[in-house]
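Undergrad: Take this structure, written in C-alpha cells, and hold onto it; I'll ask about it next.
Readers should treat all values here as calculations from the given coordinates under stated rules, not as data from a laboratory. Not measured: the values here are computed from a predicted model. When we count neighbours, we look across all protein chains shown, and the Cβ atoms used for this are built from the backbone with ideal geometry, even at glycine.
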Amino acid sequence: MIEVANLTKRYGAKTAVDGLTFTVRPGTVTGFLGPNGAGKSTTMRMLVGLDTPTSGTAKVNGKVYAEHRAPLREIGVLLEARAVHPGRSARDHLLAIGATHGITAQRVDEVLELVGLTEVARRRVGNFSLGMGQRLGIAVALLGDPHTVMLDEPVNGLDPDGIKWIRTLLKGLAAEGRTVFISSHLMSEMALTAEHLIVVGRGRLIADVSVADLIASATRGVHVLSPRSTDLVRLLNGDGVKISSVGGGVLDVVGLSTEDIALRALAAGIPIYELTPQRASLEEAYMELTEESVEYHGGTTTTSFGKAA
Amino acid sequence: MSTTTMERPVARTAVDEPEPRLRFTGVLRSEWVKLRSVRSSAMTLLGAAVAMLSAGLVFASTRTSGGNGPGPRDLVDPTAISLAGVNIAQLIIGVLGVMIVSSEYSTGMIRSTLTGVPSRLPVLAAKVSVVIGTVFPAMLLTALTAFLGGQAIMGGADLPTAALGDPGVLKAVIGSAAALTGIAVIGVALGSILRSTAGALSTLFGLVFLAPGLGQLLLPTSWRDDVLKFLPSNAGGSFTSVVPPADGLGTTAGVLVFAAWVVVPLIAAAVLLRGRDA
C-alpha cells in the first residue's frame, strides 16, 4: 500500500511534484504514467526517503519509509538511475544490501536464480549489458521479499523476452496480494501490464482511473463518408456535437451514435457511403489526458467546423 | 544468462530463517562486504603498507652507507628513520577513506545503500568503524615491521638503534598507525561532505600536505609557528615521534588537536548526510 497526500517537491524555483495525492492498493498492478519530467521519479524517490518532501506526506504500508524496522521487507525498489558499483560482482552487490537486514546468502542466490543471473553472479557488474543490469536491479527489489514492489521504468533495456518475463512476474506479484507500482512514459506498455493508472503531468495528478474506465471514457467519434458532407455538417450540428473533417470527405462526429447519424441522414435524404465507429486506443486516451501538460505540441492537421458553419 | 523459469516463487523459501530486520550489526557487515568486494580497497591498503615499509627500510639502509641521502628531518632518531614512511602512507590511506564514500556517489551505489538504511547515520558510523577496524591493525603491523626491520638494518651496521621498550618508542609506533587511521577517517568525512572523489582528495591533500608548506611561505613569522602547529600533520607529529618536536604541541595536546581534526568533519558529514537529498 502506498499513500501519497498533498506531496510537493520544489527544487529552487522549479516545482517537480505539485500537491500530488493518490493511493496504490495491493493486489493489482498500478501504473504510474506521465510524460518525461512529470515528477514520477521524484515521487518514487520521496517514497523511499532519498528526497525529503517540501510538504505533504509519502507513506509506504502505513508509515513514512524510514520508520519501518525492516525497510527492505516493506518495499523493494528499482530506481531509474544506476545504483550499483561497477567493480563489484552481482552477488556481492546483493550480499552487501541484504546484510543490512540479515538477509542470507541463500536468499541472495534465490533472487539471482529468479532473475536469471546465476551464471554471471560472480562477474563484475561493470561488464553487464543494460538488460542484465535491469535484472540485477529487479533482484535487489525482490531481495527482501517485500509487501510492496516499486519499479521505475522496469522494461528499459530489456529484450522482448525480458519484457514478457517482467510482465508475468509483476502480475504474479500482484496476484500474491502484493502492491505493485510501476512507472512508464509509454501507455502501450502499461496497457499490457497495469490494471489501474495514476496519470501525472507537470507534477500534478491528471487521472486516477482503472485502465478499463480510461478506455471507456475516451471521447471518440464516428467517421462518416458522404458525398454531401457540407449538408451533413449542417444537419448534425447541435448541442454537444463536435464535427471535424479528417480529410477525403470523411467527417469525425463526436457526440452522436452511429444509429443517430444513419437515421437522421436517411430522413434528410443524404447518402452515406461509410459509417465507422472509432475505438480509442489507450495511447490516444492517454494523449488526450496529457495534452495540456506536455510542453510542446506537434501541429494538428484537422480542420474544425465551428457552430457557425 | 540463463533462461528464467516463470513459475519460480518470489517469496523466500527458507521459512525457518529469522525475519529480516535492519540492525547496526547488519549495516557493519554490509560495509565490510562492500570494502572487501572492490579491488581498490586491497590495492590502497597494500600500497600504503608497501610505501611505509620501503621508505623506512630505504632510509635505514641509507644511514648504514653513511650517506646524507633522503631521510627525515631528525636523522639522529633511529625510530623516526624507520617510521619515515608515514608521510607517504598518509597520502595513499587517505585515498582509501575518501573512496569508500565518494565512489558510492560517483557510481550511484549510495541510492541502494540509503534505500536499505533510510535512517542514514548508521551507514556513516559503519563506514568509519570498518575503516578503523581495517586500517589500524594493518598499519600497526606495518609500522611494527618497518620499525623492527629498520632497527635490524641499522644495528647490523653498528649504528645507534632503539628498542620497543625504550621510552616513547611504542607510543611513536602505535601513534603512527593511529595517525594513518585518523587520516583515513578524515577522508571518509570529506568524501561524505563533498560527495566527489576529486574534491575530497584535493581538500585532504591540501590540508595534510600543502597547508604546512604554504603556511611556512605565506604567513608572517611572528605568529606562523603558533598557527601551523595546529595543522593535522604537525599535531600528528607530536605522537608519531619519540620526542615531540620542540616548536610543536606536546603529546596530549597533539592527540586532542588531531582528534578534533577527525571529529569536527565527521560531525559536519553526519549533519549533511541526514539533511540532504541523496
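Undergrad: Can you work out the base-10 log of I(q)/I(0) for chain A at q = 0.12, 0.16 1/Å, using the Debye formula on its C-alpha atoms alone?
TA: Taking Cα atoms of chain A as identical point scatterers yields -0.84, -1.23.
Undergrad: Let me ask something additional. Give the cross-link partners of B:K34 among the aspartates and glutamates, using a straight C-alpha distance below 19 Å as the criterion and excluding same-chain residues fewer than 8 apart.
TA: Filter leaves A:D92, A:D109, B:E104.
Undergrad: So, one more: Cut-off 10 angstrom, C-alpha nodes, Gaussian network model of chain B. Which of B:Q216, B:Q90, B:Q151 fluctuates the most?
TA: Fluctuation is largest for B:Q216.
Undergrad: Here's something else I'd like to know. Chain A: longest stretch without exposed chymotrypsin sites (Phe, Trp or Tyr not before Pro) (DSSP loop, at most 13 other Cβ within 10 Å), sites themselves excluded?
TA: A:1-272
Undergrad: Relative contact order (percent) for chain B, with alpha-carbon contacts under 8 angstrom and 6 or more residues of separation?
TA: For chain B, the relative contact order is 21 percent.
Undergrad: Here's something else I'd like to know. Take each complete run of DSSP H in chain A, measure how far its Cα atoms stretch along the helix's own axis, and keep only those covering 27 Å or more with mean Kyte-Doolittle hydropathy at least 0.5; list them.
TA: Flagged H segments: there are none.
Undergrad: Show me B:53-63, B:225-235 ranked by packing, highest mean number of other Cβ atoms within 10 Å first.
TA: The densest-packed peptide leads the list: B:53-63, B:225-235.
Undergrad: Taking the Cβ-Cβ separation of A:Q278 and A:N36 as r and a Förster radius of 25 Å, what is the calculated FRET efficiency to the nearest 0.05?
TA: 0.35
Undergrad: In deg cm²/dmol and to the nearest 500, what is the mean residue ellipticity at 222 nm of chain A if only DSSP H runs of at least 4 residues count, each as -39500 (n - 2.57), divided by the residue total?
TA: Helix-only estimate at 222 nm: -9500 deg cm²/dmol.
Undergrad: Report the calculated FRET efficiency for A:R69 and B:A198 (r = Cβ-Cβ distance, R0 = 30 Å), to the nearest 0.05.
TA: It comes to 0.20.
Undergrad: So, one more: Enumerate the lysines that B:K171 could reach by cross-link, defined here as Cα to Cα under 28 Å, with residues fewer than 8 away along the same chain left out.
TA: Correct list for B:K171: B:K127, B:K229.
Undergrad: Looking at chain B, do any whole DSSP H helices span at least 15 angstrom along their long axis by alpha carbon and average 0.5 or above on Kyte-Doolittle, and which?
TA: Helices meeting the span and hydropathy rule in chain B are B:39-64, B:86-107, B:121-156, B:169-194, B:251-275.
Undergrad: Let me ask something additional. Run the reach check for A:K14 against lysines, Cα to Cα strictly under 19 Å, same-chain hits fewer than 8 apart removed. What comes back?
TA: Cross-link targets: A:K40.
Undergrad: Something else: Using DSSP, restrict attention to beta bridges with both residues in the protein assembly as shown and report what percent are antiparallel, rounded to the nearest 5.
TA: Among the beta bridges of the protein assembly as shown, antiparallel pairing accounts for roughly 65 percent.
Undergrad: Continuing with the same structure: Name the residue, out of A:L197, A:L114, A:L266, whose mean-square fluctuation peaks in a Gaussian network model built on chain A with Cα pairs under 10 Å.
TA: A:L266
Undergrad: Loop only per DSSP, at most 16 neighbouring Cβ atoms within 10 Å: give me the trypsin sites (Lys or Arg not before Pro) in the stretch A:163-224, ordered by residue number.
TA: Within the stretch A:163-224, the qualifying trypsin sites (Lys or Arg not before Pro) (loop, at most 16 other Cβ atoms within 10 Å) are A:R220.
Undergrad: Under the 0.36 nm per residue contour assumption, what length would be gained going from the current alpha-carbon distance of A:T168 and A:E113 to full extension?
TA: This chain segment gains 18.2 nm when fully extended.
Undergrad: Here's another thing I want to ask about it. What distance in nm separates the two pseudo spin-label positions at B:I132 and A:R234, each 7 Å out from Cα along the beta-carbon direction?
TA: So the label points at B:I132 and A:R234 sit 9.3 nm apart.
Undergrad: For the stretch A:137-221, run through the GluC sites (Glu not before Pro) and keep only the ones in DSSP coil with at most 14 other Cβ atoms within 10 Å of their Cβ.
TA: A:E176
Undergrad: Relative contact order (percent) for the stretch A:2-210, with alpha-carbon contacts under 8 angstrom and 6 or more residues of separation?
TA: 32
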